[in-house]
Every structure is written in structure tokens, then in C-alpha cells.
Amino acid sequence: MKIAFKEWAVVIDALGRGEQIIILRKGGIHEGRGGFQMDQSEFWLFSTLFHQQSESVIANAAERFKSLAANFPPDDTLQLKYFATVSDWRKLEHEEAALKLKGQHVWKDSVIRDRFSWGREEGIFALAVRVHQLTHPINLPMRKEYGGCKSWIELTEEPVSKTSQPVLDETTFNTKLNSFRQALS
């Protein structure tokens, strides 16, 4: 697997802690004319400090961001700790649907509203993912081509991990997945 999904460090932290299983994505500036496309079912989680993370998330996540930023790998290192598999996804075409996921993620409502209406068309993607933590993080060289505001990154080398485990047990994950599905039904 050589595909990585670029996301805020504070969101990946919440995914890695099992506090959420949801990724909400509008798409980055460099996504192209088609915008974000959900065409990957399995990917590495690529943690980034870009954008205004601490102001855009709920209080406990904003507090954790300080520690994450202080202990982030050097600029020349991409550290992979997690990979995810997609269990479900939806393109949400009504802001109310996105707001029904409140409590299942760390974003503030105002950020959801902003993301929903940003760009040429309204809408946002909601992905429910099963996250797996690597026993030992993988450090790769950071490449210039990984930069910019884009969701999907093709890594120049394929990371190899010998062992990992799901961050949530099967029952807890299925409970969260059912909550995601019920909120959007």
C-alpha cells in the first residue's frame, strides 16, 4: 500500500485513540476540477500540522494539539503510526446531515459549516474508517511532492509494517459504525 491520506494531526490523534472513526473531507485546493474523490479503500494516515487546527476543534482536542505539535517529527520526516480501512462512506449533500454527526468527531460545528459550503458546490464526504495502529512507527523521508493542500498522497516507497492491531475492539467499533449510519439514515 503506497497511498496515504493527509489529515490534521489532531484528527489522526482522535482516530488513533479510538475517540472517533469519522473523517470529514471536502477536498484540498490541489484536488483538481473534480474535487475530492473517494477512490481508496485502504490507506496510511499522513499526519500534518497545517492550518488552524487548535482553533477548529473542540476544547479537549485543542488542548492535546499543544502536545502533538511539541512532539511532532522533524520537518524532513514523515512518521506513519496508523493505517485505515474504509467501512462506509457517504457524500453528504445537506449541511444538516453533516451536523447530525456532532459528538462523533472533534471538529467544531462552525468548521463543518465552513467546509460544507466552501468551493464550487456544497457538500462534504463522511468516511467511517477502521484504524489500525502499528506496533512500531515507520519513518520515511518527507518529500517535496507530499506538500500542498491535497488529500491523497502517493508515497514514493511502500512502507512495510510487520505488525499492527485495531485501535478499537470489534464490538466498540461496530457500535460507533452503527451510530454513524443511524445519524445519516
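Side notes on the structure shown:
Rundown of residues vs (1) within 23 Å of Pro74 (Cα to Cα); (2) among the hydrophobic types (A, V, I, L, M, F, W, C); (3) open to solvent by 80 Å² or more (accessible area, probe 1.4 Å), yes/no style:
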{"site": "Val111", "(1), (2), (3)": "no, yes, no"}
{"site": "Asp114", "(1), (2), (3)": "no, no, yes"}
{"site": "Ser117", "(1), (2), (3)": "no, no, no"}
{"site": "Gln133", "(1), (2), (3)": "yes, no, no"}
{"site": "Pro141", "(1), (2), (3)": "yes, no, no"}
{"site": "Tyr146", "(1), (2), (3)": "yes, no, no"}
{"site": "Glu154", "(1), (2), (3)": "yes, no, yes"}
{"site": "Pro166", "(1), (2), (3)": "no, no, no"}
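- Residue within the stretch 75-97 that is surrounded by fewer than 13 Cβ atoms within 10 Å (Cβ to Cβ), within 20 Å of Thr172 (Cβ to Cβ) and not aromatic (Phe, Trp, Tyr) present: no
- For first residues located in the stretch 101-121 and without any contact (Cβ under 8 Å) to a residue 40 or more places away in the chain, partners that are surrounded by fewer than 14 Cβ atoms within 10 Å (Cβ to Cβ) and not in a loop (DSSP other than H, G, I, E, B) and lie 6+ apart or on another chain with Cβ distances below 7 Å form the pairs Lys102/Asp109.
- The residue pairs whose first member lies in the stretch 43-63 and is over 14 Å from Ser110 (Cβ atoms), whose second member is of a type outside the set (A, V, I, L, M, F, W, C) and open to solvent by 20 Å² or more (accessible area, probe 1.4 Å), and whose beta carbons are closer than 6 Å, counting only pairs six or more residues apart or on different chains, are Leu45/Tyr82.
The values are calculated or read from the model by the stated rules, or taken from the named source; none is laboratory data. Quick caveat: nothing in here was measured; it's all calculated off a predicted structure. Neighbour counts are summed over all protein chains in view; Cβ atoms, including those assigned to glycine, are modelled from backbone coordinates with ideal geometry. Side chains included, ligands, DNA and RNA excluded: accessible areas come from the protein's heavy atoms. Shrake-Rupley method; radii C 1.70, N 1.55, O 1.52, S 1.80 Å.
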